[in-house]
Amino acid sequence: MQKRKNDILQGTLALLVLKSLAARGALHGYAITAHIHHVSAELLRVEEGSLYPALHRMEQDGWVRASWGTTEKNRQARYYSVTADGKRQLAREEESWARLRDGVQRVLRFA
Amino acid sequence: MAWYHRFSNVLRPRRLSRDLDRELSFHVSELVDELVARGMTDRDAFAEARRRFGNFGMQKERTRDVDTMAWLDSLGADVRYALRAMRRSPGFAAVAVLSLALGIGANTAIFGLIDAVMLRALPVRNPGELLRVTAEDQWGVVSNPVWEQVRDRQDVFSGALAYGNARFNLNAAGEAKFATAAWVSGDYFSTLGVRAHAGRMLAKSDDYRGCAPVAVLSYAFWRAHYGGDPSVIGKTIALDGHPFLIAGVSASGFTGVDVGQSKDLFAPLCATAVNGGSGMLESPSSVWLFMIARPKPGVSLDQVRARLSTLAPAVFEATVPRNRGTESRSDYLRQTLRATPAANGISQLRSDYGRALVLLMVVVALVLLIACANVANLLLTRATVREREIAIRLAIGAGRGRLIRQLLTESLLLSALGAVAGALLAQWGSRLLVAMLSDTRSAVFLDLSPNVRLFAFTALVAVATGMMFGLVPAWRATRAQPHTAMKGNSRGITQGHSSFSLGRALIIFQVAVSLVLVVGAGLMLGTFRRLTTVDAGFQRQGVLLVDANIRNGEYKGPRRAEVFREMLARVRALPGVKAAVSNVTPVSGSAWTDDVVADGFTPKTREDGVAFFNQVGDGYFETMGTRLLAGRDFGPRDALTAPAVAIVNESMARRFFATTNAVGKTFRVLQGQKTSAPIEIVGIVEDAKYKSLRDPAPPTAYLAVSQDSTPSAYLTFDVRAGGSTAAIAPAVRNAMLAASPTVSLTFASFAEQVDESVARERLLATLSTFFGGLALLLATIGLYGVMSYSVARRRNEIGIRMALGAARTRVVRMVLGEVAMLVGIGVALGLAFALASSRLLAVFLFGLAPNDPVTIAGAITISVLVAAVAGYLPARRASRVDPMLALREE
C-alpha cells in the first residue's frame, strides 16, 4: 500500500484523539475523523485502520470511556469521552509534541 | 482492570464480535451518507466507502486483538484447531489418548498408593512435630516399664504417648467377630490433639493401675456398629467378653496413627490387666508398645536426641529383666533411645511394601516412556502427512514459533485428555491395588481421596509427557522449506531412510525398554511360582484352621486341656476328617523361639543356639502332611506326668547333634539363669517352613501339648477333610460348640494363610506381568505402525523392484530384515540394560538369580515372536503390491 502524505505521524494519533475529545466532549469514531479532518483544514486524515484499534487500546488503558448512544439520525453509535487519566495523558502528550516540534524546527533551521 | 476486561472478552467472543460489527458498520454508514450528500449514487457511495474503510474483517481483527488477551485468544484458536485435527483422524487420537491414559493412569494409581502409604501426614494437630521414639528392638517397640520410665523422666516433650495393637472379639461365643483396637496411654489423644466427636476422650486420669475398663470408639466404628447413636455413650461394650464403659467417640477421620490399618476402638493401657493379665504392664520382656512424642516448642530434633541418649542408661537400668543371663543383660543395658520424625505415622504396610511400591513406580514410569515414544512416533508419521499443509503455511508467512506452539497445543491436549482418562482409571486402579494388599485377617485401610499432591503429580506428568512426545515432532515438522509446498506431489521414487531415523530410534528404544520390563515380569513370576511350589514340608491344600479360645468359659488349669481334648474327639468323630491341635501354625506371623542347651554342642554365636518351638498334639504331622522320618508320633503315653518328649526336624537334629539320627538324644531349654528338665527326642520329621516360605526351615522342636502343665486358653485346631475347607466348617463349629458352648472360634483356610504370606510377591508378579504385557503391546503397536507406514511410503520402490523381477518372498524378507535389525538392536540394548539393573531386583527374588538365563531367554523369545507378528503383517502387505498399480499412481 502506498503511503499517503497526510498519514498521521506515528504516535500523534492518541494526542489528536484526546485533544478532540477534550475539546468537543463525547464523540463517536466517525465524528472524531471528521473533526480532525475539518479542524486541520483537510490536511490530516485519520485512517480507520488505525483509529479503532487506537480507540480500543485507549479504552483499555483507561484514558477514554465508551458508551453506546443514539445519533441525530437515530443510529446506534459508540461514543467516546476523555477520562481524568486521559486528560493527564493529554497534557503529557502535548508537552512531548511541543518538544518534538521545537527540536525538528531547530534542526531544519540549522540546515 | 484492563486485564479483567480482556480476559472476560476472551470468554464471550460472540458479544465482542457483535459490538465490533455494530461500531464499525456505523462508521461505514456515516461514510456512505457523506458521499451521497456530495452527490454520489448509493451504489458508488457504498463501494467507495468500503474501499476507503479497507478490509473490514482485518480492521475488526486488529481492533479485536486490542480488546482480548491475544495469547489466550490464540490459545483458544489453537485448541479449536487441535480438536478439529483430532476429529479429522479419530483413530490416531483414540490410540494416542488410550496409550497415554494407560500410562498416566498407571503412574497416578501407583503414586496415589505411595502418597497414601508413605507421604500423607496424619490427620492430627501439627503432625510435622511428632517424633517416634524407639529402642533397639527390630520392630521399634518397647515394654510398658520402659515406656513409663521414659514418660516420667523426659523433660523435652510437651506430650508423649504409647500404644499397642490389639484385636478384640465382639461376640461372646461361637464364631468370633473382631474389632481392631489399640491399648493407649492416658495422654494419647491430648498429645495427638484429637478431639471428641461425642462424649469425652481418654485422659491421664483414666490410666492408672487397677483402672476401670473404658473405651473410646472411632467415628467410623460408631457409625457402622451403632448407626451413630449418641445414647451408647455411658453404656458398655463387651470386648473379649469383658464389659468396657464407652466414654466417647473420636473425631471423624481419625483412625489411629497406623497407616494402612484403621482402629475401631481405643482402651487405656491399664485395662490390659482386665483381659490380658498383668504381664503386659509389668514384664520388661513383653515388648509391644510404640512410642510417639511431641517436643516442647523450640526444642530441636538434635536436642531431643541428645536428651534421650543421656536418659537411656537410667531407663534401661531401672527396667532390666530378671532371669537373664549376664550376656543378654549387658545387651539390654547397651540399648539406646532414638527419635525419628513421625509426621506420617507408623506403618507395617510401609515397611512391607515401601520398596515394592518404589519398584512399581519405576516400572510404570518406563511404561509411560514407551507410551510417549508411541505417540511421538504417531505424531512423526502424521507430520509427514501434513508436510504440505505446514509448508504452505510457512510460505505465506506463518512464524515457525507460532506453528510449533500450535502443534504443541495439540500434543498437550492429547496428554491432557490422556491424563483425565488416566485419573479416572487410577481411581479404580488404586482401589484394586488396596484390595490386593488386604488379606482376610486384616483389611487394609488407606485414605486415597484426591489431594493437591496427587493432582499436581498428574498435571505435571501430563505436561511433561505432552512436551516429551510433542516437542521433537513439532520441531521437525516445521523444519520444512516453504518451497517444498510448491513442488506439488513431490514423492520421490525411493523414500530416504534418513528422514525417518528418529522413528526407528524410538522403536529400538521401545523394544529395549519393553524387554527390560518383560524380563522383570519373568523374574517376578518365577519368584512367585517358586514360592508357591516350594517344598514347604507341609501340604497347604485342604486344611481348615480353627483358632479356639475358651477364656470366656473360665476353665482353669487342667480343665482347659480336658475341654480341648473333648473338642478334638468330637471333631475327629466327623466322617472323613483328620484333626490335630497346635499352638502355632506355619507362616501365620507368630513365632516362638528359645535357647537350646544340648550335650556336645557349643553355640558359635547367640543366634546359633536358638531354635524355633511349637506345641502340637498327636496326628499333627499327618494332618499337615509333614513326613515323620524316624521315631514315633506323640501318643497317649506322653502324659503330663511322663518324661518330657519332643519331635524335632532334621535341621534341629543336624544343628545340635550333627546327625539326623537323633532319636533318643536329649536337650534342655534355657529359662533365664536355669535350664529345663531334659527333653527326650522321640521322633524326627522333615523340615517344614516356619515363619515364611522364603526363609529356609529353621531348627524346630515340637513339644507335646499333652505335657503342658499350664495349658493356654487358646489352641488352633488343624482339620483336614476330603472336600473343601468351607464345606466342613459348619460341622466343625457345631462339634466344638457342643463340647463347650462358650468357646469363641475363628476359621481360616491354611491354603489362604500360605497364599497371604506371599501377598507382596503375588502383587509384584501380577502387576509386573500386567505392565510388562502392556509395554510389549505398546511397543508392538509402535513397530506395526512404523513398518506399515514405511511400506506405504515405499510402494513405488517396491513396485519397481517387483516389476524388475523381485519375488514376493524377497520383498517379505526385505521388510522383515528391517524389522529384525530394529528388534535386534533393541533386544541387545534392552538386555544390557536389564543385566545392569537386575541387581536392584535381587532383594525381591526367591529361588532364581537376577540374571536367570531361562527367564531372559524366555523374555527375548516372547519379544521377538511378538515383533515378528507385528512386522509380518506390513511385510505381507508389501509383497501384495501390484507393480502396475503402484507405478500408475505416480
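A short reminder: the numbers here are calculations on the coordinates, not readings from a lab. Bear in mind the structure is a predicted one, so any value in this text is a computation, not a measurement. We place every Cβ from the backbone using ideal geometry, glycine too, and count neighbours over all the protein chains shown.
Before moving on, here are some points about what is shown:
- Rg/Rh (Cα only; Kirkwood hydrodynamic radius) as it applies to the stretch B:700-773: 1.14
- Based on the Kirkwood approach, the hydrodynamic radius assigned to the stretch B:341-483 is 18.1 Å, with every pair of different Cα atoms included.
- Cα-centre dipole for the stretch B:272-394 with unit charges at Cβ (Lys and Arg positive, Asp and Glu negative), debye to 20: 320 debye
- For chain B, calculated [θ]222 nm from helices alone, where every DSSP H run of n ≥ 4 adds -39500 (n - 2.57): -17500 deg cm²/dmol
- Cα-only Debye scattering, the stretch B:660-722: base-10 log of I(q)/I(0) at q = 0.14, 0.15, 0.18 Å⁻¹: -0.64, -0.74, -1.03
- The packing ranking, built from the mean of other Cβ atoms within 10 Å per residue, places the peptides B:182-191, B:612-621 in the order B:182-191, B:612-621, highest first.
- B:ALA836-B:MET467 FRET efficiency (beta carbon distance; Förster radius 30 Å; 0.05 resolution): 0.60
- Ranked B:LEU359, B:LEU783, B:LEU887, A:LEU18, criterion: other C-beta atoms within 10 Å, fewest first: B:LEU887, B:LEU359, A:LEU18, B:LEU783
- Legend: mean number of C-beta atoms from other chains within 10 angstrom of residue C-beta atoms, peptide B:22-29, equals 6.
- Each eigenvalue of the Cα gyration tensor of the stretch B:501-571, multiplied by 5 and square-rooted, gives one semi-axis; in descending order these are 59, 14, 8 Å.
- Of the trypsin sites (Lys or Arg not before Pro) found in the stretch B:23-125, those that fall in a DSSP loop while having at most 16 other beta-carbon atoms within 10 Å are B:ARG38, B:ARG125.
- Dimensions of the stretch B:137-208 based on its C-alpha atoms, expressed as ranges along the principal axes with the largest first, amount to 48, 36, 21 Å.
- P(r) for the stretch B:582-647, from all Cα pairs and a bin width of 10 Å, is 16, 39, 38, 7 %, short bins first.
- Kirkwood Rh and Cα Rg combined as Rg over Rh, evaluated for the stretch B:805-885: 1.21
- Taking the empirical scaling 2.2 N^0.38 Å for compact globular proteins as reference, the protein assembly as shown has a Cα radius of gyration ratio of 1.38.
- Using alpha carbons only, the radius of gyration of the stretch B:28-68 set against its Kirkwood radius gives Rg/Rh = 1.14.
- Extension reserve of the B:PHE601-B:ASP42 stretch, reckoned as 0.36 nm per residue once the Cα distance is removed: 188.8 nm
- Dipole axis of the stretch B:399-476 (+1 Lys, Arg; -1 Asp, Glu on Cβ), positive-most option in B:PHE469, B:PRO450, B:LEU424: B:PHE469
- Neighbouring partner chain Cβ atoms per residue of A:74-84, average, 10 Å criterion: 2
- Remark: mean inter-chain Cβ contacts per residue of B:53-65 equal 3, using a 10 Å Cβ-Cβ cutoff to other protein chain atoms.
- All Cα pairs of chain B, percent lying beyond 50 Å: 41 percent
- Cα Rg, Dmax, the stretch B:270-359, angstrom units: 16.9, 45
- Dipole axis of the stretch B:608-714 (+1 Lys, Arg; -1 Asp, Glu on Cβ), positive-most option in B:SER709, B:GLN671, B:GLY683: B:GLN671
- Cα long-axis angle, helix B:759-793 against chain B (0 to 90 degrees, to the nearest 10): 20 degrees
- Between the residues B:VAL732, B:VAL819, B:TYR789, the greatest Cα displacement towards the positive end of the dipole of the stretch B:675-834, with unit charges on the Cβ of Lys, Arg, Asp and Glu, is found for B:TYR789.
- Virtual spin-label span in nm between B:ARG479 and B:ALA505, 7 Å along Cα→Cβ: 0.9 nm
- Between 0 and 90 degrees, the angle of helix B:557-572 with respect to the longest Cα principal axis of chain B falls at about 60 degrees.
- Cα pair count fraction exceeding 22 Å, expressed as % - the stretch B:234-319: 52 percent
- Antiparallel %, DSSP beta bridges [both residues in chain B], to 5: 75 percent
- Cα-based helix-to-principal-axis angle, B:56-67 vs chain B, degrees rounded to 10: 40 degrees
- Cα-only Debye scattering, the stretch A:5-111: base-10 log of I(q)/I(0) at q = 0.17, 0.20, 0.22 Å⁻¹: -0.82, -1.08, -1.25
- Around the Cα centre of chain B, unit charges on the Cβ atoms of Lys, Arg, Asp and Glu (plus for the first two, minus for the last two) sum to a dipole of about 3040 debye.
- Counted residue by residue at 0.36 nm each, then reduced by the alpha carbon distance between them, the extension gain from B:ASN661 to B:ARG572 reaches 28.8 nm.
- Most to least packed among B:871-883, A:46-58 [average Cβ atoms within 10 Å]: A:46-58, B:871-883
- This model, with +1 at the C-beta of Lys and Arg and -1 at the C-beta of Asp and Glu, gives the protein assembly as shown a dipole about its Cα centre of some 3780 debye.
- Contour excess over end-to-end distance, with Cα ends at B:LYS296 and B:ALA630 and 0.36 nm allotted per residue: 113.8 nm
- Exposure proxy shown here: for B:TYR714, B:TYR784, the number of other Cβ atoms within 10 Å sets the order, fewest to most, as B:TYR714, B:TYR784.
- Bridge type composition, the stretch B:635-736 - antiparallel percent by DSSP, nearest 5: 60 percent
- Exposure proxy ranking for B:GLU175, A:GLU42, based on other Cβ atoms within 10 angstrom of each Cβ and starting from the fewest, stands as A:GLU42, B:GLU175.
- Sequence ranges B:7-15, B:817-825, ranked by mean other-Cβ count within 10 angstrom, highest first: B:817-825, B:7-15
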